[in-house]
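Below is one structure, written out as C-alpha coordinates; the observations come after it.
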Amino acid sequence: MEPRTLAFGGARGSQNHRGGAGVGRAADQSEGRRQASKSGMVTRVLLVDGVPLLRLGLRALISGEADLEVAGEAERARQCFALLHDRQPDVVLFDGSLPDGTPSEREREVFELLVRGIDNETIAARLFISSATVSTHRERILHKLGVHSLAGLVRWAARHGLQPLLAAE
(Lines give C-alpha, C1' and ligand atoms only; values in the text may rest on other atoms or scores of the structure.)
Protein backbone atom coordinates (compact mmCIF):
# COMPACT_ATOMS: atom_id res chain seq x y z
CA MET A 1 0.00 0.00 0.00
CA GLU A 2 1.36 3.40 -0.99
CA PRO A 3 1.56 6.00 1.80
CA ARG A 4 -0.94 8.84 1.51
CA THR A 5 0.25 12.43 1.22
CA LEU A 6 -1.82 15.39 2.33
CA ALA A 7 -1.24 18.20 -0.16
CA PHE A 8 -2.19 21.80 0.55
CA GLY A 9 -2.02 24.54 -2.06
CA GLY A 10 0.76 23.95 -4.57
CA ALA A 11 2.30 21.04 -2.70
CA ARG A 12 3.44 17.80 -4.31
CA GLY A 13 0.70 15.99 -6.19
CA SER A 14 -0.83 19.13 -7.63
CA GLN A 15 -1.05 19.47 -11.40
CA ASN A 16 -1.88 23.16 -11.30
CA HIS A 17 1.04 25.53 -10.77
CA ARG A 18 -1.19 28.38 -9.53
CA GLY A 19 -1.40 26.88 -6.04
CA GLY A 20 -4.66 24.93 -6.26
CA ALA A 21 -5.29 21.24 -6.67
CA GLY A 22 -5.07 20.19 -10.29
CA VAL A 23 -7.95 18.81 -12.33
CA GLY A 24 -6.47 15.31 -12.33
CA ARG A 25 -6.13 15.30 -8.56
CA ALA A 26 -9.66 16.64 -8.10
CA ALA A 27 -11.04 13.93 -10.38
CA ASP A 28 -9.08 11.27 -8.45
CA GLN A 29 -10.43 12.65 -5.17
CA SER A 30 -14.01 12.65 -6.43
CA GLU A 31 -13.67 9.05 -7.61
CA GLY A 32 -12.05 8.09 -4.30
CA ARG A 33 -14.90 9.74 -2.39
CA ARG A 34 -17.46 7.82 -4.40
CA GLN A 35 -15.63 4.56 -3.70
CA ALA A 36 -15.21 5.34 -0.01
CA SER A 37 -18.85 6.38 0.17
CA LYS A 38 -19.98 3.12 -1.48
CA SER A 39 -17.97 1.04 0.96
CA GLY A 40 -19.23 3.09 3.92
CA MET A 41 -15.69 3.93 4.98
CA VAL A 42 -15.92 7.73 5.08
CA THR A 43 -14.81 9.13 8.44
CA ARG A 44 -16.79 12.19 9.51
CA VAL A 45 -14.66 14.80 11.33
CA LEU A 46 -15.90 17.63 13.55
CA LEU A 47 -13.45 20.57 13.71
CA VAL A 48 -13.37 22.53 16.98
CA ASP A 49 -10.94 25.42 17.24
CA GLY A 50 -11.22 29.10 18.11
CA VAL A 51 -9.05 30.18 15.17
CA PRO A 52 -11.07 30.43 11.92
CA LEU A 53 -7.96 30.34 9.71
CA LEU A 54 -6.82 27.09 11.31
CA ARG A 55 -10.26 25.53 10.79
CA LEU A 56 -10.15 26.66 7.15
CA GLY A 57 -6.77 24.99 6.65
CA LEU A 58 -7.91 21.79 8.32
CA ARG A 59 -11.07 21.77 6.21
CA ALA A 60 -8.92 22.11 3.06
CA LEU A 61 -6.68 19.22 4.13
CA ILE A 62 -9.60 16.99 5.06
CA SER A 63 -11.55 17.75 1.89
CA GLY A 64 -8.54 16.54 -0.10
CA GLU A 65 -8.87 13.04 1.34
CA ALA A 66 -11.26 10.52 -0.18
CA ASP A 67 -12.02 8.78 3.11
CA LEU A 68 -12.57 11.93 5.23
CA GLU A 69 -15.45 14.39 5.40
CA VAL A 70 -15.95 17.50 7.53
CA ALA A 71 -19.11 16.92 9.55
CA GLY A 72 -19.12 20.44 10.97
CA GLU A 73 -17.15 23.21 12.64
CA ALA A 74 -17.36 24.89 16.02
CA GLU A 75 -15.49 27.83 17.47
CA ARG A 76 -16.26 27.07 21.11
CA ALA A 77 -16.66 23.99 23.26
CA ARG A 78 -20.37 24.66 23.81
CA GLN A 79 -21.00 24.72 20.06
CA CYS A 80 -19.15 21.43 19.82
CA PHE A 81 -21.54 19.70 22.21
CA ALA A 82 -24.57 20.78 20.16
CA LEU A 83 -22.93 19.56 16.94
CA LEU A 84 -21.97 16.22 18.47
CA HIS A 85 -25.62 15.33 18.79
CA ASP A 86 -26.78 16.88 15.51
CA ARG A 87 -23.97 15.78 13.19
CA GLN A 88 -22.77 12.58 14.93
CA PRO A 89 -19.13 12.73 13.77
CA ASP A 90 -16.80 9.75 13.95
CA VAL A 91 -13.86 11.91 15.08
CA VAL A 92 -13.60 15.25 16.85
CA LEU A 93 -10.49 17.30 16.17
CA PHE A 94 -10.56 19.50 19.27
CA ASP A 95 -8.33 22.29 20.54
CA GLY A 96 -7.81 21.05 24.10
CA SER A 97 -7.01 24.52 25.36
CA LEU A 98 -10.53 25.75 24.64
CA PRO A 99 -12.38 26.34 27.90
CA ASP A 100 -15.93 25.17 28.44
CA GLY A 101 -17.20 28.47 27.13
CA THR A 102 -15.43 31.52 28.51
CA PRO A 103 -11.92 32.46 29.62
CA SER A 104 -13.30 33.23 33.12
CA GLU A 105 -14.32 29.51 33.44
CA ARG A 106 -10.75 28.41 32.57
CA GLU A 107 -9.36 30.93 35.04
CA ARG A 108 -11.65 29.49 37.69
CA GLU A 109 -10.26 26.01 37.02
CA VAL A 110 -6.69 27.32 37.27
CA PHE A 111 -7.59 29.28 40.44
CA GLU A 112 -9.00 26.19 42.15
CA LEU A 113 -5.89 24.16 41.38
CA LEU A 114 -3.49 26.95 42.40
CA VAL A 115 -5.07 27.41 45.84
CA ARG A 116 -4.70 23.65 46.40
CA GLY A 117 -0.96 24.08 45.94
CA ILE A 118 -0.71 22.37 42.56
CA ASP A 119 2.26 23.53 40.47
CA ASN A 120 1.98 25.04 36.96
CA GLU A 121 3.30 21.96 35.14
CA THR A 122 0.75 19.66 36.80
CA ILE A 123 -2.08 22.12 36.16
CA ALA A 124 -1.02 22.35 32.51
CA ALA A 125 -1.07 18.57 32.15
CA ARG A 126 -4.48 18.23 33.83
CA LEU A 127 -6.12 20.93 31.73
CA PHE A 128 -4.31 20.06 28.49
CA ILE A 129 -2.82 23.53 28.15
CA SER A 130 0.76 24.81 28.17
CA SER A 131 2.48 25.90 31.37
CA ALA A 132 2.84 29.35 29.76
CA THR A 133 -0.97 29.52 29.50
CA VAL A 134 -1.23 28.53 33.17
CA SER A 135 1.20 31.34 34.03
CA THR A 136 -0.89 33.82 32.03
CA HIS A 137 -4.07 32.76 33.84
CA ARG A 138 -2.24 32.92 37.18
CA GLU A 139 -1.05 36.49 36.54
CA ARG A 140 -4.54 37.58 35.47
CA ILE A 141 -6.08 35.99 38.57
CA LEU A 142 -3.57 37.66 40.89
CA HIS A 143 -4.16 41.03 39.20
CA LYS A 144 -7.98 40.75 39.30
CA LEU A 145 -7.98 39.82 42.98
CA GLY A 146 -5.37 42.40 43.94
CA VAL A 147 -2.91 39.91 45.42
CA HIS A 148 0.78 39.60 44.63
CA SER A 149 1.70 35.98 45.38
CA LEU A 150 0.33 32.48 45.64
CA ALA A 151 0.35 32.83 49.43
CA GLY A 152 -1.81 35.94 49.02
CA LEU A 153 -4.11 33.98 46.72
CA VAL A 154 -4.54 31.24 49.34
CA ARG A 155 -5.26 33.87 52.05
CA TRP A 156 -7.81 35.50 49.72
CA ALA A 157 -9.55 32.13 49.20
CA ALA A 158 -9.67 31.50 52.95
CA ARG A 159 -11.04 35.01 53.68
CA HIS A 160 -13.80 34.47 51.13
CA GLY A 161 -14.99 31.15 52.53
CA LEU A 162 -13.39 28.90 49.95
CA GLN A 163 -11.86 26.49 52.49
CA PRO A 164 -13.09 23.39 50.64
CA LEU A 165 -10.83 24.44 47.78
CA LEU A 166 -7.88 24.56 50.14
CA ALA A 167 -8.04 20.83 50.90
CA ALA A 168 -4.89 19.09 49.71
CA GLU A 169 -5.17 16.48 47.03
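Do any helices (runs of 4 or more DSSP H) entirely within region 107-169 hold 2 or more residues that are at pLDDT 85 or above, of a type in the set (Lys, Arg) and crowded, with 17+ Cβ neighbours inside 10 Å, and if so, which?
On the way: elements: 120-127, 131-145, 150-159, 163-166.
Passing ranges: none, list empty.
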For region 92-102, check the following and say yes or no: at least one residue is assigned to a helix (DSSP H, G or I) and either out of contact with any strand residue (DSSP E or B) (no Cβ under 7 Å at 6 or more places or on another chain) or at pLDDT 90 or above (or both). no
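The values are calculated or read from the model by the stated rules, or taken from the named source; none is laboratory data. Everything numeric in this text was worked out from a predicted model, so none of it was measured. Cβ atoms come from the backbone with ideal geometry, glycine included; neighbour counts cover every protein chain shown.
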